[in-house]
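The values are calculated or read from the model by the stated rules, or taken from the named source; none is laboratory data. Everything numeric here is computed off the predicted structure, so don't read it as measured data. Every residue, glycine among them, receives a Cβ derived from its backbone with ideal geometry; neighbour counts consider all protein chains shown.
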């Protein structure tokens, strides 16, 4: 999708502050509030802006362990069912299919302690279609961001 400079500024302002008012956006863009509102609604309609969510600091809630789990599937045909089952697990925050690896899927999860890690690994290993898993605990997260400037 190609967007003009005004929409880029609009999106970057929302990335910086998802609660920014239309009035402030209007001033930043040097456009009337009604025009900014139309542009924003258009970006939402096109699916570029998918919502407005708070960014939660999970460490403050005790979720200090970041866990990566590599998954090897029995057969690629069961990928959709396996991913559907993985999506139901609460602690999993990201699921990605892999290419160029001996593994098929990598997931990222947050846990409070090692017993929660163990419980999560057992839950993942019990999903039909999973042949092998390998896990890694992140030492220090050097950068974690849901967004980046466009």
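Listing for the model above:
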read-out: Residue count for region 75-93, restricted to those that are touching a residue at least 12 places away in the same chain (Cβ under 8 Å) and more than 14 Å from residue 124 (Cα to Cα); value: 3
read-out: Subset of region 59-74 that is without any contact (Cβ under 8 Å) to a residue 60 or more places away in the chain and buried (at least 17 other Cβ atoms within 10 Å of the Cβ) - its residue that is farthest from the chain's Cα centre (by Cα); value: 73
read-out: Search result, residues across region 109-124 that are part of a helix (DSSP H, G or I) and exposed (fewer than 14 other Cβ atoms within 10 Å of the Cβ); value: 114, 115, 118, 119, 122
read-out: Filter result (within 18 Å of residue 146 (Cβ to Cβ) and either surrounded by 15 or more Cβ atoms within 10 Å (Cβ to Cβ) or in contact with a helix residue (DSSP H, G or I) (Cβ under 8 Å, 6 or more places away or on another chain) (or both)) within region 16-49; value: 20, 43, 48, 49
read-out: Residue check, residue 100 surrounded by fewer than 13 Cβ atoms within 10 Å (Cβ to Cβ), under 29 Å from residue 19 (Cβ atoms), modelled with pLDDT under 95 and not assigned by TED's automatic domain parsing to the domain that holds residue 14; value: no
read-out: The listed residue being under 30 Å from residue 12 (Cα atoms), in contact with a helix residue (DSSP H, G or I) (Cβ under 7 Å, 6 or more places away or on another chain) and outside any loop (DSSP other than H, G, I, E, B), out of 106, 150, 95; value: 95
